[in-house]
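Before I ask anything, here is the structure I am working with.
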Amino acid sequence: MTPSAPDAPPRPLRIVHVVDSLEVGGLERVTVDLAQAQAALGHDVRVFSIAATEGLKKELLDAGIPVTEGHKRRSLDWHTLSLLRACVRDARADVVHAHNFVPNYHAALATIGLGVAQVCTLHDMGARLQNRRLKTLFQLSLARTHGVAMVGTQVHQRHVASGLVPADKAHTVLNGIPVSRFAEGSSSKSTARQQLGLNDTDLVIGCVGRLVPLKNHHRMVDVMPALLQQHPHLRLVIVGDGVQAEALRQQVVAKGLQEHVVLAGQRSHVSALLGAFDVFALPSQTEGLSIALLEACATGLAVVATRVGGNPEIIVDDQTGLLIAPDDNDALAGALSRMLADSALRARLGAAAAQWVRAHASSDALAQAYGRVYDTALIKR
């Protein structure tokens, strides 16, 4: 994106964000950070969770941002829709901002006749759209959607080229994070390692993300035996929870890696743990614009990531990290081995990655970018 003149102070808007839930994940994290950045700019911001939720809800409430839960129990729950409609009406919303497919068609149905501008963000490459019913409902909802933001060039190209999103409604908005939360060269490395049961002398690879098949965490466990031959003090830490948790535990036991692999479970303050890592790995089969990757870069970590989705928009190979092909254990092991053996390389790549995030992917920049999307949507309303 080309540089533009500084933005004028935005006029206050009444904004309702709609999400599936606020359970901890990248989409949820960016929504919460965006809501707080918008509130800091003077907007009246609320969040509606379609499902009953905990997760990041307390963080919003502590920031003074109201959260309404829809308690969805079935595919199209009319009680949930009525609660969403009441939330939008009570807020006297100017903009309803839905995050991904299910929230967008719920928002489109719930706001019929209310005259709001509807914006949708697509946070990923759309693997779930293989579900024909979901795809149909989402496509129908686009008729009532005034702007669709996609979290990177690759996501934009995928959804516009496929015909899913009309080009005249399409925007590209890079995800952003509160960069001040992630200090390069964190001074709390020992504290972070103590929380994870690690020693100061360990060499540590970290992964953060939901334990689901597309994240490919099993490949990290696959390559550990070969890496341990070169680095006997190596530890692998996987932060997150999900449907693959038990399978990963069994894999670790089967390979006899209990002393070298830490399955840390879900953690609410991941930013406090990133400083424990020497290398960050993201072996996913698909990504949108990964919040976990942005956070690792902002911390100044050296990154090994797959060349999928929005990862190449953050990681330039051998400049801000190392990129590899997905589903390739040899490439994964080779890149990790190179990183682990070269502390100077880790320092160079980590510093460059942190600089890139500060310049291009802050929460403030995200809020300003969405302000422009909202202005366009309000005109089309």
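The values are calculated or read from the model by the stated rules, or taken from the named source; none is laboratory data. On a predicted model such as this, the values are computed, not experimentally measured, just so you know. Virtual Cβ from ideal backbone geometry, glycine too; neighbours counted across all protein chains shown. SASA here: full protein model, heavy atoms, side chains in, ligands and nucleic acids out. Shrake-Rupley method; radii C 1.70, N 1.55, O 1.52, S 1.80 Å.
Quick one: GLU287 ticks every box in (1) closer than 29 Å to ALA149 by Cα; (2) acidic (Asp, Glu); (3) open to solvent by 40 Å² or more (accessible area, probe 1.4 Å) except a single one, so which number is it?
If we test GLU287 against (1) closer than 29 Å to ALA149 by Cα; (2) acidic (Asp, Glu); (3) open to solvent by 40 Å² or more (accessible area, probe 1.4 Å), just (3) comes out false.
Return the total of residues in region 227-256 being among the polar types (S, T, N, Q) and not in a helix (DSSP H, G or I).
1
For the list (1) touching a Phe, Trp or Tyr at 6+ places or on another chain (Cβ under 6 Å); (2) surrounded by fewer than 24 Cβ atoms within 10 Å (Cβ to Cβ); (3) within 18 Å of ILE238 (Cα to Cα), I need the number of the one condition that VAL303 fails.
(2)
Residues that are over 26 Å from LEU228 (Cβ atoms): which helices (runs of 4 or more DSSP H) entirely in region 266-381 hold 3 or more of them?
Filter on region 266-381 gives 291-298, 311-314, 343-360, 363-380.
Could I ask something else about it? Going through HIS17, HIS71, HIS79 one at a time, which residue ends up being surrounded by 22 or more Cβ atoms within 10 Å (Cβ to Cβ) and either under 20 Å from the mean Cα position of the chain (by Cα) or of a type outside the set (A, V, I, L, M) (or both)?
After applying the criteria, what remains is HIS17.
Which residues, counting only those in region 315-327, are among the charged types (D, E, K, R) and either under 21 Å from ALA341 (Cβ atoms) or open to solvent by less than 50 Å² (accessible area, probe 1.4 Å) (or both)?
Matches in region 315-327: ASP317, ASP318.
Tally the residues that are in a loop (DSSP other than H, G, I, E, B) and not hydrophobic (A, V, I, L, M, F, W, C), restricting the search to region 166-177.
Adding up the residues that qualify gives 3.
Taking the condition of being in contact (Cβ under 8 Å) with a residue 40 or more places away in the chain and either open to solvent by 10 Å² or more (accessible area, probe 1.4 Å) or farther than 24 Å from ARG181 by Cβ (or both), how many residues in region 230-252 meet it?
Final tally of qualifying residues: 3.
Restricting to region 110-143, name every residue that is out of contact with any Phe, Trp or Tyr (no Cβ under 9 Å at 6 or more places or on another chain), buried (at least 18 other Cβ atoms within 10 Å of the Cβ) and more than 23 Å from HIS79 (Cα to Cα).
HIS123, ASP124, MET125, listed by residue number.
Among all residue pairs at least 6 apart or on different chains, which show Cβ distances below 8 Å where the first residue, located in region 341-357, is at negative phi and the second is of a type in the set (S, T, N, Q) and loosely packed, with under 15 Cβ neighbours inside 10 Å?
Close Cβ pairs (under 8 Å, with a partner that is of a type in the set (S, T, N, Q) and loosely packed, with under 15 Cβ neighbours inside 10 Å) amount to ALA341/GLN230; LEU349/GLN319; ALA352/GLN319.
This table checks each residue for (1) modelled with pLDDT of 95 or more; (2) crowded, with 24+ Cβ neighbours inside 10 Å; (3) in contact with a Ser or Thr (Cβ under 7 Å, 6 or more places away or on another chain).
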{"site": "ALA254", "(1), (2), (3)": "yes, no, no"}
{"site": "ILE291", "(1), (2), (3)": "no, yes, no"}
{"site": "GLU313", "(1), (2), (3)": "no, no, yes"}
{"site": "ALA331", "(1), (2), (3)": "yes, no, no"}
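In region 144-165, which residue that is touching a residue at least 12 places away in the same chain (Cβ under 8 Å) and in a helix (DSSP H, G or I) is surrounded by the most Cβ atoms within 10 Å (Cβ to Cβ)?
VAL155
Yes or no: ASP200 acidic (Asp, Glu), in a loop (DSSP other than H, G, I, E, B) and under 25 Å from the mean Cα position of the chain (by Cα)?
When the stated conditions are applied, ASP200 does not pass them.
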